[in-house]
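The values are calculated or read from the model by the stated rules, or taken from the named source; none is laboratory data. Not measured: the values here are computed from a predicted model. FYI the Cβ positions are ideal-geometry reconstructions off the backbone, even for glycines, and counts take in every protein chain you see. The protein model used for the area step is the full one, side chains on, heavy atoms only, and it has no ligands, DNA or RNA in it. Shrake-Rupley method; radii C 1.70, N 1.55, O 1.52, S 1.80 Å.
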Amino acid sequence: MDMKSIHENLETLPGMFYHWEKTTPNNVFLRQPSGDIWTTYTFKEVGEQARKLVNAFRSQGLKKGDHIALISKNCAHWIIADLAIMMGGYVSVPLYASLSADQMTLVLEKSDAKALIVGKLDEWAKKSKGLIDGMPVFRFPYYAGNAEVTQGMSWDDAMKNEPMEGNPEPDIDELWTILFTSGTTGTPKGVMHPYKTAALLNNNEKVNNILKTFEPGETRLFSFLPLNHIAERTAVELSGIGSGGTISFADTLDTFAKNLAETRPTFFFAVPRIWTKFQLGVLAKMPQKKLDTLLKIPIVSGIIKKKLLKALGLDAAKVCLTGASITPESLKQWYRKLGLNLREVYGMTENAGGFTMMPEHKHKPNTVGKPLPNAEGRIDPDTGEILMKMPWMMTGYYKEPELTAETLVDGWLHTGDKGKLDDEGFLKIVGRVKDAFKTTKGKFIVPTIIEDHFSNNSLIEQICVAGLGIPQPVALVCLSEIGMKEDKAKVTENLQSEVQRVNGQLHNHERISTIIVANEPWSPENKLLTPTLKIRRGAINDAYGERLSAWHEAPDKVIWES
């Protein structure tokens, strides 16, 4: 890895924005829906508002280097506020919009935040009790249908300030952001990234050649996953600023499909759960057997593909990425039949979400692609853990030197994931080192391997294999909308057959003894999913653990939670 060459001519995010602000001032940068109306913000308008916000920060005594927290769902003002934080030389601490009052207080204190920006939120009354006394607060304009915030300086008052002058840029090695993990394995950790991280990931020549796919201004992005999460921050915000493209947002969950269809993104990123929901939406209207038949008819096939992709809002998509958790191979193959190539990306907050990516023209099944240029990986021979090294790794966890030293060892990032690298350099993820559990028979179970076998069943939307403390693993499932509409007896029969089919492909100690159909879907609201829709295995074990033994011992192969 030639470290000198990769660090040459790097441009910071504010520098990239200034370029588009100067060369394409009237191009639309942000699009915000409200009902049927889209409000647009040009690069010039965004620049002016961000500059005014910088002086609003200064008016409250905030100094260069201070940490500013931001809590909001995705919206146009999120990006404007983030740009203001960067332009003013502050450090951003973006928070999950779903945090409780206590969690918010914890992260504000842990991050040494000196101010808080409050935006578009479902609820604020209870959350506001987590504010720290005396901390300056700034609030976004009111978004209809969301919580009203009355604390702090209003956006209108902030916009009465004169715009900041000049185009200040941070040093490439200055601290850019502190990203707090979602806390799936304990207390959230503050991952520190310098401006170099964003600069490298937007470097077309040396790391990321995706943006080369688009002509200047052609990149249309749709933002709906939490912007404080590294995947959305890099795939959407960084890509939008780096390419001079347009970022559109979803108004509400109810308008998501409509907003996406009206955006027609050319570059789209989603997590597996979203891709599954899209698929199940199609199958609810057109059963798989009928779809398979139509796709075999030459002329009809092309019409059906175009119609389905247009209905999803993805008919203009040139690049589609999937990540944050592993996407089942069967799901990727299903989309490939429609003409959509889902390219898996693999990374984590600690390496800004970027380690491997599936090559555009070489899809290797059951892998997450090959390491990006200037990234290297190896497998720990004793534990099977994936170790990686690249120039855009975190500098460490904020105020946690011991934890940093455990994670970054001799320049290698210890991921906590188990995997295998094949002779072509493609990486296969086997599961989390800590996810494997031991049954009472003393046998280790890797749940993700078993869960993958159920990925083709359209009646199942979510699955978690558990079994710590019982002789054989069980599978907890949440039904899809298709499954919930189906007759209960037919669902039971289907799942009984599914257990028999899957068990035929597993070793004796891996075989599922029972499938349990959960009463309610797992979600971020009931804390069984992370905000990026990954399963919280620990929380699921806590919620169902006491009943696992009785379910395992029951004579029925399929049990409906009562």
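Quote to one decimal, in nm, the extra length available between residue 523 and residue 151 on full extension: 0.36 nm per residue of separation minus the C-alpha distance between them. Could you put the intermediate results ahead of the total?
Values: separation 372, 0.36 × 372 = 133.92 nm, distance 2.94 nm.
Result for the pair: 131.0 nm of gain on full extension.
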Checklist entry - Relative contact order for region 110-182: what is it in percent, counting Cα pairs under 8 Å that are at least 6 residues apart? => result 27 percent
Checklist entry - Given labels modelled 7 Å from the Cα in the Cβ direction, how far is it in nm from residue 294 to residue 434? => result 4.5 nm
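What FRET efficiency, computed as 1/(1 + (r/R0)^6) with R0 = 35 Å and r the Cβ-Cβ distance, is obtained for residue 123 and residue 63, rounded to the nearest 0.05?
Working: r = 32 Å, r/R0 = 0.91.
Approximately 0.65, to the nearest 0.05.
Roughly speaking, what is the stretch gain from residue 286 to residue 409, that is 0.36 nm per residue apart minus the C-alpha to C-alpha distance, in nm to one decimal?
On the way: separation 123, 0.36 × 123 = 44.28 nm, distance 5.14 nm.
Taking residue 286 through residue 409 to full extension adds about 39.1 nm, to one decimal.
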Checklist entry - Ranked by accessible surface with a 1.4 Å probe, highest first, in what order do 428, 189 come? => result 428, 189
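Rounded to the nearest 0.05, what FRET efficiency do residue 444 and residue 337 give with R0 = 25 Å and r taken as the Cβ-Cβ distance? Could you check? Before the final figure, lay out the partial values.
Working: r = 36 Å, r/R0 = 1.43.
Rounded to the nearest 0.05, the efficiency is 0.10.
Going by a ≥ b ≥ c, the root eigenvalues of the Cα gyration tensor, does region 1-152 fall in the rounded group (a/c under 1.5), the prolate group (a/b larger than b/c) or the oblate group?
Details: a/c = 1.89, a/b = 1.26, b/c = 1.50.
The shape class here is oblate.
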Checklist outcome for this item: So, with points 7 Å from each Cα along the Cβ direction, the residue 38-residue 376 label distance in nm works out to 4.6 nm
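Run the numbers for residue 542 and residue 402: contour at 0.36 nm per residue of separation, minus the present Cα-Cα distance, in nm. Show your work: numbers first, answer last.
On the way: separation 140, 0.36 × 140 = 50.40 nm, distance 2.83 nm.
Going from the current span to full extension adds 47.6 nm.
What percent does the relative contact order of the chain come to when contacts are Cα pairs within less than 8 Å and at least six residues apart? List each step's numbers first, then the result.
Values: 1067 pairs, mean separation 59.7, N = 562.
Relative contact order of the chain: 11 percent.
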Next on the checklist: I'd like the accessible area for residue 433, computed on protein heavy atoms only with a 1.4 Å probe and all protein chains in place. Round to 10 Å², please.
Outcome noted: 60 Å²
Checklist entry - Which percent of the accessible heavy-atom area of region 16-75 goes to carbon and sulfur, probe 1.4 angstrom? => result 49 percent
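What FRET efficiency do you get for residue 422 and residue 497 if R0 is 30 Å and r is their Cβ-Cβ distance, rounded to the nearest 0.05? Don't skip to the end; give the middle numbers.
Numbers: r = 33 Å, r/R0 = 1.11.
According to the calculation, E is roughly 0.35.
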Item to check | residue 490-residue 218 pseudo-label distance in nm [points 7 Å out on the Cα-to-Cβ vector] | outcome: 4.6 nm
Item to check | Phi-based couplings in Hz for region 341-346 (Karplus 6.51, -1.76, 1.60; Gly and Pro marked x) | outcome: 9, 7, 9, 6, 10, 9
Next on the checklist: Can you tell me what share of the DSSP beta bridges in the chain is antiparallel? A percent to the nearest 5 is fine.
Outcome noted: 55 percent
Next on the checklist: Can you order the peptides 81-87, 163-169 by their average number of other Cβ atoms within 10 Å per residue, highest first?
Outcome noted: 81-87, 163-169
Checklist entry - Over region 229-381, what relative contact order in percent results from Cα pairs under 8 Å that are six or more residues apart? => result 22 percent
Item to check | Peptides 293-305, 346-358, 24-36, 270-282 ordered by average Cβ neighbours within 10 Å, highest first | outcome: 346-358, 270-282, 24-36, 293-305
Item to check | Reciprocal of mean inverse Cα separation for region 53-115 (Kirkwood radius, Å) | outcome: 12.0 Å
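Peptides 214-223, 125-134: what's the order by average Cβ count within 10 Å, highest mean first?
On the way: 214-223: 19.4, 125-134: 13.2.
Those peptides, ordered most packed to least, come out 214-223, 125-134.
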